[in-house]
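For reference, the structure discussed in these notes is given below.
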Amino acid sequence: MSRGLGYMAESSAKAALIALALLVALAPFVVLFFNSLRPADEFLAQGAGLIPSRLTFEHYAEIFDPNGDTFRYVINSLIITTASTILAVLFGALASYALARLQLPFKLSIIIGILFLVIRFYPKITVALPYFLLMREFHLLDTHLAVIIAHVSMTVPFVVWMLLAFFEDFPRELEQSAMIDGCGPIRRFVLIVIPLMAPALAAAAVLTAFLSWNEFLMASTVAPNAAKTLPVRISGFITDKGILWGSMSAMSTVIVVPVALFALFTQRYLARGLTVGAVKG
Amino acid sequence: MRQPQPYPQVRRPAGIVGRLEARLGESGILLLFLVPALLVVIGAQLYPLASSAILSFFDWSLSRSPTVGPFIGFDNYVRTFTDPIFANSVAFTVILAVCSTALQLVCGLGIAMLTVGESYTLRLVRTLLMLPMVVAPVAVGTIWRMILSARVGPLNQALASIGIDGPNWLGDPNWAVFSLIMIDAWEWTPFVAITLTAALTSLPSEVMRAASVDGAGRWTTFRYIVLPMIMPIFVLVAMFRTIEAFLTLDIVFTTTAGGPGYTTHTLSFWIYQQGLKYFNISYAAASSWVMLLFCVAIAGGFLLWRRRITAWQVSR
Amino acid sequence: MYPTTKRTKAATTMAVISTAAILLASSAMAAELNFSVMESGTYDKAAAEVAADFKAATGTDVQISAFPWAVLRQNNTTDLISGTNQYDVMSGGYYLSDVYSYFAPLDDYIAKDNYAQGMIPGLLSPGRSEFVGGKSIGIPYGVDAYGLIFNKDMFEKAGISPDFASWSDVAAACDKIIAANADVACFSHPTGSPEQIGGFFFSGYARTYVSKDGKYSLDVPAATAAAEEIAALWKYLPAKGTALTFDEAHQLFKDQKVAMTITYPSFITNSLDADDSPVKGHWGMAKFPGKGFPWLSLWQLFVPTATEDKDAAWAWIKAYAGPENAKRNLVEHNIGSVWSATYDDPELKAKNAHFWPALIAGFASAKNPPLSGEAQDLLTNTLQDIVNGRVSAADGIAAVESQWAAIPVPAAMLEAAAGSGLQEK
């Protein structure tokens, strides 16, 4: 009896804690959403409640003004994210496969692996300026390509590291029998490795997509204008005169909603991508 | 990982691919596979990294001259170590990294313990709890700046409705430090939670069953069995989070812009100001190399710690 | 060897040259000018209006690139030093001093059109407009100077007149204001924009910023006293008022929660006189306190040396910054006219009698400090630390003084300091 009561007390305490965690994690998004529908004059009024006195779509209308540039930023972000993801996963899969299969001298595989690991962990600010100067040399400033190259170079090490962990478990027998049939590495990679690695590749792709969609520093450094992405745009709502809360909330909602939906649908891959490095590394 | 399946039947060497494979040989092709990734990483990361290392020994401010100035040895590094604002930024960054990481580890472990399991509800809860870390850090900053606005923000209004006079979150130096710690912890606790959930899931089922048994033995089980088993991952997660907290830039940008005064200048923010606002390129390069070496040292420390833990476990 | 070949070669060369010439000419005909400006809903909107007229009149298509202030500053700088040369005409102010050497001197154009005639006296001179090597590079188009805007009713209740010699006088008045007006704080200010605290310092500190030998340097005792005055004044901000945006600071004044607001008037005067404004008819503007100078905000147009068609750039400058559109820009967008004639307009003069005299007096004495962006940030961030109690005024100013020694004075700023009397003699 007492044990039953204890159990009930404990599970309700557990539920309460989970509810609290959910509240803390999600309440800011609710605030953001309501603020994107709040009339402009209410932002500076003391005593305005969480829910606006009336709902307005003026901020969305404003940021999606046909003469405005929001669509361009959305398209820029989409182009950059898509291209970066495809390239990073492709390059990363090729490289990690090679690293896993090559018998390189002098522990070169390990050195390359560590190199990639280091890249994950140094302040990106270190390369931002030299990268800016490099892009200036190649006349690539303010182009999609400049941001894509930056994002691919930032995420490829991540992808390689992650996929290497998967290759450790990869059954070699399959490949060996294909080898006997005279299959070289290209065909083995395309016909055997890629299909079997699909879940891992998906996990890598999901993670890369998030990183690229959200990245601010490099994008703001090399693409201030024509190739500007959504995160860079958001920082622009803090003007010298004030903060355009309404537009900023609407724009933030625009950038958050796709990611949130994407996260809900790709949850398994995302969790796998995030944890493999730590759990298996 | 899926179960091995019979590989699809492929025809013998034919076409360009076959000939290419034959000509370059096994290692040749595999080396070729390495090329794109190495090229992009070397070109866009290692080359800029090396060039910033070289620049750090020269005197160059882009605003004064479009070309690199004279070689000045370690002067930029001396300046870094004597710059009071750099020291101030180091202090704040360390406070932020330590407090925020500790908070994330505690909350993340708690959430992982609470939500581990495969039921539909728990999976949904885990997904929802993940949202803070998947939105753009820039947006995280703007959201919190709105919420923490001292006079008209929803948090202080909510506090006022229950009779509490909320603090000046971002305007008071001490509260600004506190606020940034909270924001960083809010954003990244999910990462810790997800990783530790995965670690708990990978434990043998008997261990988890023992840990969920009611009673006095439970804390003992957690303390002496579960915790040691997930310790290597715990250390790794701590390392990821500490280092990334060191790199915090985006949320500072959109919440306090480093203020009030120099209160919330992180190292990254200060280097950003030096490099991309004042264009003191060589000085920014030197400062960022100091920071880089610092980060590498921290990572090394954590990895050594982890190795000792693992070795100790194996030896048992 | 073979005459025919030679001739063919010559013909080909001719053809190439003439094609190139035609291409150049046609590109000049379909002229396009890229103009960078602040995204504020005023300067950029005005530019769009003027650009439409300009295209109709000249056929030149002006592309307007508008950015928030900090982004504009960075984009302009980056564009110049990276040699991208995307913008043919740029908007900016003295904070671009690091890159002045990239701008073309405009003296010949000014002389040719006698452009300076009719401008507010002294506006086109060093320390106000921008110069490099003694040559004019910046053409002013929007002027503003820090102002002290006050609530007449509250001042009357407290029995004080808005005539302050120093910030200490203001602080003394604050005690009376708070005593006489319930639930009112003394003043608001955009405290959340860290650089704005400079407005108090530049007016409270009446000494020099550059030493005899051309280094950044303060008169330490005077600067410490000025910083202490500001720190004392900060206690009279509204509760939790140390991180206000411009909009929040202005709203507090409009809502009659504060008796004064210290800000750039052009940001707020229109809204205070709007029909729904509770303070309409109840506010005025006072002479700016302090023996230093009111901080000048002077938006100027610059032409990078890399701009190919400088004549077209000058034509655009005349259209956007010239006297023709000045009144419309002021009335519709509250862009402070740089032309004296605007302030003689009888209709506007009558309508704005409650603040124009103080505003125009401010224009006459306002200046910019001869500080590079880095030097100014160091000063204003440290002042923020002082008023927030993180460091004492003495220690803070001493730190600024010692760190300023490592920051070079841009040549243009040295000129400006000498020209505006802000260098030690």
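Just so it is clear, none of the values below were taken in a lab; they were calculated from the coordinates. This is a predicted model, so every value here is computed, not measured. Every residue, glycine as well, gets a Cβ built from its backbone with ideal geometry; the counts of neighbours run over all protein chains shown.
For the stretch C:115-258, state the semi-axes of the equivalent ellipsoid (square roots of 5 times the eigenvalues of the alpha-carbon gyration tensor), sorted largest first and rounded to whole angstrom. Kindly include the intermediate steps, with their values, before the conclusion.
On the way: eigenvalues 215, 80, 43 Å².
Sorted largest first and rounded, they come to 33, 20, 15 Å.
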Give me the count of lysine pairs in chain A whose alpha carbons sit under 26 angstrom apart, restricted to pairs 8 or more positions apart or on different chains.
4
In degrees, nearest 10, range 0 to 90: what is the angle between the Cα axis of helix A:125-137 and the longest Cα principal axis of chain A?
80 degrees
For chain B, set up a Gaussian network in which alpha carbons nearer than 10 Å are linked by springs, and say which option among B:L180, B:L31, B:L170 fluctuates the most.
B:L31
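What helices does chain B have that are whole DSSP H segments, at least 24 Å long along their own axis by Cα, and with mean Kyte-Doolittle hydropathy of 1.0 or more?
Values: long enough: B:15-41 (31 Å, 1.58); B:84-115 (45 Å, 1.80); B:173-201 (42 Å, 1.03); B:227-246 (27 Å, 1.76); B:281-315 (50 Å, 1.04).
The answer, listed by residue number, is B:15-41, B:84-115, B:173-201, B:227-246, B:281-315.
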Inter-chain Cβ neighbour average for residues A:134-142, partner chain, 10 Å:
3
Top of A:L90, A:L22, A:L264 by mean-square fluctuation, Gaussian network on chain A, Cα under 10 Å
A:L22
The answer for C:G142, listing residues at least 5 apart or on another chain whose modeled amide H is closer than 5 Å to its amide H, is C:W299
Computed D for chain A, Stokes-Einstein, Kirkwood radius over alpha-carbon pairs, 20 °C, 1.002 mPa s, to the nearest µm² per second, is 97 µm²/s
Given the pairs C:K287/C:K367; C:K291/C:K349; C:K176/C:K287; C:K327/C:K351, which are separated by over 22 angstrom at their Cα positions?
C:K291/C:K349
Who wins for biggest fluctuation among A:A16, A:A227, A:A128 in a Gaussian network model of chain A, springs between alpha carbons below 10 Å?
A:A16
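Could you compute the FRET efficiency for C:A70 and A:E62, with r as their C-beta to C-beta distance and R0 at 25 Å, rounded to 0.05? Provide the component values of the computation, followed by the final result.
Working: r = 21 Å, r/R0 = 0.84.
The pair C:A70/A:E62 has a calculated efficiency of 0.75.
Tally Lys/Arg at +1 and Asp/Glu at -1 over every other residue whose Cβ is under 13 Å from the Cβ of C:W234; what's the total?
-1
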Among B:S51, C:A172, C:V50 - extreme Cα towards positive end, dipole of the protein assembly as shown, charges at beta-carbon
B:S51
Rg over Rh [alpha-carbon atoms, Kirkwood Rh] for the stretch C:31-99
0.99
Cα extents of the protein assembly as shown along the principal axes, largest first, in whole Å, come to 110, 95, 56
Taking only the alpha-carbon positions of the stretch A:2-60 as identical scatterers, the Debye log10 I(q)/I(0) at q = 0.22, 0.24 Å⁻¹ comes out as -0.85, -0.92
From the backbone phi of the stretch C:170-182, what are the Karplus-calculated ³J(HN,Hα) couplings (6.51 cos²θ - 1.76 cosθ + 1.60, θ = phi - 60°) in whole Hz, Gly and Pro given as x?
4, 4, 4, 5, 4, 4, 5, 4, 5, 5, 8, 10, 6
From zero outward in steps of 20 Å, how is the percent of C-alpha pairs of chain B spread across the bins?
23, 45, 28, 4, 0
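Find the relative contact order for chain B and round it to a whole percent, using C-alpha pairs within less than 8 Å whose residues are 6+ positions apart. Write down the numbers at each step before the final one.
Working: 342 pairs, mean separation 82.6, N = 316.
This gives 26 percent for chain B.
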Once the principal axes of the Cα atoms of the stretch A:20-174 are found, what is the range along each, listed largest first in whole angstroms?
70, 47, 31
Please turn the phi angles of the stretch C:302-318 into ³J(HN,Hα) values with the Karplus equation 6.51 cos²θ - 1.76 cosθ + 1.60 (θ = phi - 60°), one per residue in order, whole Hz, x for glycine and proline.
10, 10, x, 4, 6, 4, 6, 9, 6, 4, 5, 4, 5, 4, 5, 4, 4
From other protein chains only, count the Cβ atoms within 10 Å of every residue's Cβ in A:191-199, then give the mean.
3
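Of all trypsin sites (Lys or Arg not before Pro) in the stretch C:140-215, which ones are in loop regions per DSSP and have a Cβ with at most 10 other Cβ atoms within 10 Å?
Numbers: sites: C:K152, C:K157, C:K176, C:R207, C:K212, C:K215; in loops: C:R207, C:K212, C:K215.
Loop-located and lightly packed - C:K212.
Which percent, nearest 5, of DSSP beta bridges in the protein assembly as shown are antiparallel?
Working: 25 of 40 bridges.
Antiparallel bridges make up about 60 percent of those DSSP assigns within the protein assembly as shown.
Express in nm, to one decimal, how much length is gained between B:W219 and B:L293 on full extension, taking 0.36 nm for each residue of separation and deducting their alpha carbon distance.
Numbers: separation 74, 0.36 × 74 = 26.64 nm, distance 3.97 nm.
Taking B:W219 through B:L293 to full extension adds about 22.7 nm, to one decimal.
Rounding to the nearest 20 debye, state how big the charge dipole of chain C is about its Cα centre with +1 on each Lys and Arg Cβ and -1 on each Asp and Glu Cβ. Intermediate results must be reported in sequence, preceding the final value.
On the way: 31 positive and 46 negative charges, 127 e Å.
Using only the charged Cβ atoms, the result is roughly 620 debye.
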Taking amide hydrogens as modeled 1.01 Å from N in the peptide plane, which residues meet the under 5 Å criterion relative to B:I72, leaving out close sequence neighbours?
B:F58, B:D59
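Could you please report the charge total around B:L129, scoring K, R as +1 and D, E as -1 over all other residues with beta-carbon less than 14 angstrom from its beta-carbon?
Numbers: positive: B:R123, B:R126; negative: B:E187.
It works out to a net charge of +1.
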Cysteines without a disulfide-compatible partner [the protein assembly as shown; Cβ-Cβ under 4.7 Å]
A:C183, B:C99, B:C107, B:C295
Residue by residue through B:240-251, how many Cβ atoms from other chains fall within 10 Å of the Cβ on average?
3
Let's see if you can work this out: charge +1 on each Lys and Arg Cβ, -1 on each Asp and Glu Cβ, no other charges. What is the dipole magnitude of the protein assembly as shown about its Cα centre, in debye to the nearest 20?
3600 debye
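Once you list every other residue whose beta carbon is under 12 Å from the beta carbon of A:D41, what net charge do they have if Lys and Arg are +1 and Asp and Glu are -1?
Numbers: positive: A:R38, A:R54, C:K254; negative: A:E42, A:E58, C:D247, C:D255, C:D276.
Local net charge: -2.
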Under 5 Å from the placed amide H of C:W339, counting only residues 5+ away or on other chains, we find C:I120
